[in-house]
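A.B. asks: This is the structure I want to talk about, given as structure tokens.
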Amino acid sequence: METKILDNGTFDPRDFQSELAEAPGNLEVGTKLLFENEHIKVWELRLGPGERGPFHAHTRRYFWTVVEPGIGRQRSADGTYRVREYRTGETSYQEHGPANVMIHDFENAGEGEIRFLTVELLD
């Protein structure tokens with residue numbers, strides 16, 4: 001399944017200065033924690049049109065799967081953003097850790113609800 005990039009560009013990180021300062025300590029990678037044990041955390045990300053999840057840090061290996069499709073805008077801490085189409089069943093695996101932290105936000109830029117499941121691998 002090929003990703004469809006709709007737009008990319010830059011923004012002024014100063015517009016999110018306080019949120020970006022707190023992002024390294026924000027490890028909530030979804031809007032609701034559904035399950036947790038010593039091996040995994042399962043998160044739901046559910047956003048209505050125009051809703052945005054704050055900047056947060058990915059510090060573990062994880063994967064996400066699209067449950068409800070839509071259009072998402074992801075801003076990165078370096079001042080870049082990408083808008084793309086997410087399709088039902090689309091899945092991505094990411095390798096992050098203490099030496100390779102990813103900080104970003106996520107905004108629903110579409111007209112309907114968007115929903116993902118994210119699984120963090122703890123060991």
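A.B. asks: I need the shape label for the chain. Rule: rounded when a/c is under 1.5, else prolate if a/b > b/c, else oblate, with a, b, c from the alpha carbon gyration tensor.
C.D. replies: In terms of gyration-tensor shape, oblate.
A.B. asks: A further question follows. How do THR80, THR88 rank by accessible surface area computed with a 1.4 Å probe, from largest to smallest?
C.D. replies: THR88, THR80
A.B. asks: Given Cβ point charges of +1 (Lys, Arg) and -1 (Asp, Glu) and nothing else, what value in debye, to the nearest 20, does the dipole of the chain about its Cα centre take?
C.D. replies: 140 debye
A.B. asks: So what is log10(I(q)/I(0)) for the stretch 26-74 at q = 0.14, 0.27 1/Å, when the Debye sum runs over its Cα atoms only?
C.D. replies: The computed values of log10 I(q)/I(0) come out as -0.38, -1.35.
A.B. asks: As a test of reading the structure, rank GLU68, GLU107, GLU85, GLU120 by solvent-accessible area (1.4 Å probe, protein chains only), most first.
C.D. replies: Reading off the accessible areas and sorting them downward yields GLU68, GLU85, GLU107, GLU120.
A.B. asks: In a shell of Cβ-Cβ distance under 12 Å around ARG61, excluding ARG61 itself, what net charge do Lys and Arg (+1) and Asp and Glu (-1) give?
C.D. replies: So the environment of ARG61 carries a net charge of -1.
A.B. asks: What net charge is computed for the residues neighbouring ASP123, neighbours being all others with C-beta under 11 Å from the C-beta of ASP123, Lys and Arg scored +1, Asp and Glu -1?
C.D. replies: Computed value for this residue: 0.
A.B. asks: I'd like the distance separating the alpha-carbon centroids of the stretch 1-47 and the stretch 70-88, in whole Å.
C.D. replies: One Cα centre to the other: 10 Å.
The values are calculated or read from the model by the stated rules, or taken from the named source; none is laboratory data. Bear in mind the structure is a predicted one, so any value in this text is a computation, not a measurement. Ideal geometry is used to build each Cβ from the backbone, glycine not excepted, and the neighbour counts take in all protein chains shown. SASA here: full protein model, heavy atoms, side chains in, ligands and nucleic acids out. Shrake-Rupley method; radii C 1.70, N 1.55, O 1.52, S 1.80 Å.
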